[in-house]
Amino acid sequence: MICSFFGLWGVYDPLKNAWIDRLLRALIASGAVIWFRRNIVECEERSERPMLTLLDRAANLYGLPASILRPVRGGHFSRAYGYTRHEKSYIFRITPPNDDINLARMLTVLDWMDFLTEHGAPVPRLVRSQQGSLLEVLEQDDGEYLVVMSEAAPGVLSEEFPLDRWNDYLFSCLGRSVGKMHALAKGYTPPRGDFPRPVWHTAGQSYTPPPEDDPAQSTIRQKRLDVIRYLQTLPRDLAGYGITHADLHFGNFFVDAATDTITIFDFDDCAYGWYILDIAMLLHDVLVLYAGADREAFAARFLRALLQGYRQEKLLDPFWIRQMPYFLKLLEGQLYQMVYRFYEAGDADGWVSKFMPGRKARIENDVPYIALDFEKGDWLA
């Protein structure tokens, strides 16, 4: 989401919380999304004036003096504050009125996050207010302000952690974290009797393309539709289909190499889908970030270690590994459709400049995203 609400971590930046948000960093400067920057400024100006009084009221809900709260990076939409008590760091977030925020869905996501942490999943622990609520709503003259507090995640944002510092054990820790989350999804019973989340192809920007009518993109558009048509035939049994993160790239988890800890955040786009979706997104993203010439060897090493850790928490039928090329193609085509209008070689941010060169031809000519044989290999075991 552009105005991400649940990126509950220590050095939060909403523009890294979803694929489109990461790409918009480069596009804002070009003027292509001036409306977005203007709306942010208007939002900040609107919320700045009452914030002192509002901060006092919000802090009181958690039994805190506002004087201990210090602004932290990431104030583009929500106001984020940090504080430390008894050697533990916390994040305190106030979100101003926004018509795009659905309160019922937010409460659902918070319930899901709370369930995950209570059962040992590597997710920032939410802190309840003095009334026992995960979310507090404060009425102001200009609308409802939403307040949430969580523990801060240890370590650094994974996309800022150099890949040459990763090792196979740390990759397996990442896989174990994802496997734990998926294993818990099978046993989750929503407290309100349902889980009003979208299905994968209508959730967030990772799988829902912008309107497209450019004739020059018709081949890519059709190839994407062909992939979706195939995916819709796949089974949706409890072993392979359930609640997924649906935005699990390297900008949405923290890594603490000192303790081999992975902490996953930003559940805004969580949706029903195949669990392999989250694994495919990790493989897709790490290959954009990886700068080495031995991409196939690195991909095999990454996937092998990732799945080794994943299977320590959850079984994964080899059938789903064999579907990996389709999920990788889905992501490749979707991300291309999101950024091609604004991409100019030599004038893009680091992620886009790595992803885009030659991408259109590769998609149109059915070049595999990565030349691995997913029909064979020890990752099937």
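Read-outs: derived from the displayed coordinates by stated rules, not from any lab. No experiment lies behind these values; they were computed from the predicted model shown. Don't worry about glycine lacking a Cβ; one is built from the backbone with ideal geometry, like all the others, and counts go over all protein chains shown.
Points worth noting:
- Here SER67 and ASP260 are evaluated by their C-beta separation; at R0 = 45 Å the FRET efficiency comes out at 0.80.
- A full extension of the chain between THR233 and ASP99 corresponds to an added length of 44.7 nm, given 0.36 nm per residue minus the alpha carbon distance.
- Burial ordering of LYS376, LYS186, LYS180, fewest other beta-carbon atoms within 10 Å first: LYS376, LYS186, LYS180
- Neighbour-count ranking [beta-carbon atoms within 10 angstrom, fewest first] of ARG128, ARG85: ARG85, ARG128
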